[in-house]
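Heads up: the structure comes next, in structure tokens.
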Amino acid sequence: MVCADWRAGGLIGLGGGEFRLPVLMYGIGFDARSAVPLNLLTSLITLAFALAVRSRAVSLASVVPHLPEMIGLLAGGTASAFYGAHLVSRLRDSHLVRLIAALLASLGLLMIVEAFLPFQSGDLLPASATAHFIVGAGIGIAVGLVSSVLGVAGGELLIPALILIFGADIKTAGSASILISLGVVSTGLWRFWRADAIPRGRGPQRITTAMALGSIVGTTLGGLAVAYAPVTFLKMLLGCVLLAAAAKTALAARGSN
């Protein structure tokens with residue numbers, strides 16, 4: 001999982017939470033309701049270090065032309081993150097696990113499709129800051145929900161949107177995704193904290209610290225390798241990992257009935 005974290009966080013521009021969540025649930029044994037906020041906390045730490053390391057290889061100034069859509073994505077994402085955290089607390093355990101399985105499978109398929117059919121940069125919107133903001137806010141709503149339900153950063157949705165719809169190149173999209181995700185993840189985590197839904201005690205603290213440290217080391221390596229690694233192969237590999245995790249989650253949900 002640390003290997004997946006460094007590829008996702010520093011290299012591609014994701015937070016790596018998609019790969020940590022199955023480990024928290026099946027490798028360590030947390031129930032879904034506890035695993036999601038712990039995953040969100042680790043994602044926040046991973047994103048912060050990914051941004052610091054990545055900024056050395058990719059200038060953050062490149063995101064300036066995309067500020068209108070970034071603000072829209074952040075606004076929509078933070079708003080829906082409140083609802084997503086509430087949804088996690090209200091769903092039955094079996095329904096939450098099924099939802100997690102469906103989202104993991106969708107993200108895995110998205111990464112595999114992108115590996116075979118690489119997204120080509122192309123601005124599909126008129127050159128209007130208002131239009132970019134409105135469309136960004138709409139996409140951000142979906143990102144915030146996925147982020148809160150899985151405890152992830154949402155880069156799997158942000159990066160394709162920034163490339164396909166808003167015309168960003170893949171490196172700029174990765175950096176912009178991290179910046180947006182920091183706000184969305186922080187909002188979701190704050191909502192879980194207000195609801196007293198974050199597990200406490202030495203056990204969860206030690207596990208979160210260990211995973212965060214592993215992610216930090218991996219993210220550093222991934223960020224330094226951003227210009228050299230075979231991204232297409234990595235996306236195929238990570239997509240297959242997500243599909244396998246989704247299948248395991250679905251089987252666990254069926255077995256709990």
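Under 5 Å between amide hydrogens, which residues at least 5 positions from Phe166 or on another chain qualify, with H placed 1.01 Å from N in the peptide plane?
Placed amide hydrogens put Leu124 under 5 Å from Phe166.
Ordered by packing density, taken as the mean number of other Cβ atoms within 10 Å over each peptide's residues, highest first, how do 100-109, 30-39, 60-69, 195-204 rank?
Highest-to-lowest ranking by the protection proxy: 30-39, 100-109, 60-69, 195-204.
Report the Stokes-Einstein translational diffusion coefficient (µm² s⁻¹, integer) for region 61-177, Rh taken as the Kirkwood radius over Cα pairs, at 20 °C with viscosity 1.002 mPa s.
Values: Rh = 14.7 Å.
Rounded, D is 146 µm²/s.
Suppose all protein chains stay in the model; what accessible area per residue would a 1.4 Å probe give for region 132-195, in Å²?
Numbers: 1840 Å² over 64 residues.
Computed with neighbouring chains in place, this is 29 Å² per residue.
Using each residue's phi in region 237-246, evaluate 6.51 cos²θ - 1.76 cosθ + 1.60 at θ = phi - 60° and report the 3J(HN,Hα) Karplus result to the nearest Hz, with x for Gly and Pro.
Result, rounded to whole Hz: 4, 5, x, 5, 4, 5, 5, 5, 5, 5.
The values are calculated or read from the model by the stated rules, or taken from the named source; none is laboratory data. Computed from a predicted model, the values in this text were never measured in an experiment. Virtual Cβ from ideal backbone geometry, glycine too; neighbours counted across all protein chains shown. We work out accessible area using only protein heavy atoms, side chains counted, and drop any ligands, DNA or RNA first. Shrake-Rupley method; radii C 1.70, N 1.55, O 1.52, S 1.80 Å.
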